[in-house]
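Heads up, the thing below is written out as structure tokens.
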Amino acid sequence: MRWQGGRRGGNIDDRRGMGGGAIAGGGIGTLVLAAIGYFVFGIDPSTTTQVASQFGGVGAAQEGERGSPEDQAGAFVDVIGSNVDDVWKTKLEGYQPPVVTLYTQGTQTGCGFGQSAMGPFYCPTDRRVYLDLGFWNDMERQLGASSADFARAYVIAHEYGHHVQTLTGASQQVRQAQQRASGQAEANRYSVALELQADCYAGVWAANAASVSNGQVALEAGDIEAGMQTASAIGDDTLQRRQGGRVQPDGFTHGTSAQRVEWLRRGYQSGDPAACDTFRAL
């Protein structure tokens, strides 16, 4: 993936190394696998506050260094995030970018205390994307995701997709529908639709990345396949099998591997958010 010449928007709150807190109980690997079904590639905004608060109380967050990080890993997040912003500015009237908070191990958020084991997530309360960049290694080594730059960019773009859903009101509508649901299985279907739409939105970004950056941010040969490998690796059915349990569709919150691949593909092939109506079948 080409990205080094891309625009750096500097909308990064860098809290890395600020000592946000230790991981509760056991190593990060254990918690990644325990929490992955709920958190990997984005928390359902309807349950963010409830679940995140289980990791610690809500408190005032200490702001980190704002701007564009100088290290390559931080610069990558800045460039990709800025490019995603540029795409959505052309697709959604009145689009306002989220802040991206980089942290190590744990940090306070508007949705409670966030930890690395939760994976990358979006908090609708403070409209921020939270990333502990150490998660890339867990994603690749433990879950079988691709190590390609685009696979990581897909993660970032998916979280921005949740921000778009907050701006459009889709997240709020899902939350209301879940409150009216007859049971957890029905509520989970709304969560799946929300997550698959965020996957589709990530594909929309990928399709438009080059055009809004004059080719400075662009996919190269093999990139979309790397993204699909990662989408497949984090499907609910695959994760349930990895954890040694049987596949339980009523417990899905993000969609099957096949669904996640399909909706990422649809977004990429169409380049149009209108193609991402994952709620139609509900």
Of those in the stretch 197-218 that are closer than 13 Å to MET1 by Cβ and touching a residue at least 24 places away in the same chain (Cβ under 8 Å), the residue most open to solvent (accessible area, probe 1.4 Å) is GLN216
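Is there a residue being assigned to a loop (DSSP other than H, G, I, E, B), open to solvent by 50 Å² or more (accessible area, probe 1.4 Å) and within 21 Å of VAL87 (Cβ to Cβ) anywhere in the stretch 182-191? Explain how you work it out, then say what you get.
Step one: list which residues in the stretch 182-191 are assigned to a loop (DSSP other than H, G, I, E, B), which gives 182-183.
Still in the list and also open to solvent by 50 Å² or more (accessible area, probe 1.4 Å): 182.
Narrowing further to those that are within 21 Å of VAL87 (Cβ to Cβ): none.
No, that holds for no residue.
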*asked:* Please determine whether any residue of the stretch 63-75 is at pLDDT below 95, farther than 30 Å from GLN216 by Cα and buried (at least 19 other Cβ atoms within 10 Å of the Cβ).
replied: no
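Kindly indicate whether ALA258 is assigned to a helix (DSSP H, G or I), at negative phi and surrounded by fewer than 17 Cβ atoms within 10 Å (Cβ to Cβ). Walk me through it before giving the result.
On the way: assigned to a helix (DSSP H, G or I): yes; at negative phi: yes; surrounded by fewer than 17 Cβ atoms within 10 Å (Cβ to Cβ): yes.
Spelling it out, ALA258 is indeed assigned to a helix (DSSP H, G or I), at negative phi and surrounded by fewer than 17 Cβ atoms within 10 Å (Cβ to Cβ).
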Selection from the stretch 69-91 of residues assigned to a loop (DSSP other than H, G, I, E, B) and in contact with a Ser or Thr (Cβ under 9 Å, 6 or more places away or on another chain) yields none
Log entry, pairs with first residue in the stretch 261-282 being over 16 Å from ALA231 (Cβ atoms), second being open to solvent by less than 80 Å² (accessible area, probe 1.4 Å) and of a type in the set (Ser, Thr, Tyr), beta carbons closer than 7 Å, six or more apart or on different chains, reads PRO273/TYR201; LEU282/TYR190
Checked against (1) more than 24 Å from PHE76 (Cα to Cα); (2) modelled with pLDDT of 95 or more; (3) in a loop (DSSP other than H, G, I, E, B), ARG246 satisfies every condition except (2)
Just a yes or no: is a residue in the stretch 199-214 assigned to a helix (DSSP H, G or I) and farther than 20 Å from ALA151 by Cα? no
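What number of residues within the stretch 219-243 satisfy the criterion of being outside any helix (DSSP H, G or I) and buried (at least 19 other Cβ atoms within 10 Å of the Cβ)?
The total comes to 3.
Going by what's in this entry, would ALA52 be described as modelled with pLDDT under 95, surrounded by fewer than 18 Cβ atoms within 10 Å (Cβ to Cβ) and more than 13 Å from the chain's Cα centre (by Cα)?
Details: modelled with pLDDT under 95: yes; surrounded by fewer than 18 Cβ atoms within 10 Å (Cβ to Cβ): no; more than 13 Å from the chain's Cα centre (by Cα): yes.
Answer is no for this residue.
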Exception for THR253 within (1) in a helix (DSSP H, G or I); (2) in contact with a helix residue (DSSP H, G or I) (Cβ under 9 Å, 6 or more places away or on another chain) falls at (1)
Practice task
Consider THR278 carefully, then state whether it is under 20 Å from the mean Cα position of the chain (by Cα) and assigned to a loop (DSSP other than H, G, I, E, B).
Solution key: yes
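The values are calculated or read from the model by the stated rules, or taken from the named source; none is laboratory data. Small disclaimer: the values here were computed from a predicted structure and weren't measured. Don't worry about glycine lacking a Cβ; one is built from the backbone with ideal geometry, like all the others, and counts go over all protein chains shown. Ligands, DNA and RNA are excluded from the accessible area calculation, which covers all protein heavy atoms including side chains. Shrake-Rupley method; radii C 1.70, N 1.55, O 1.52, S 1.80 Å.
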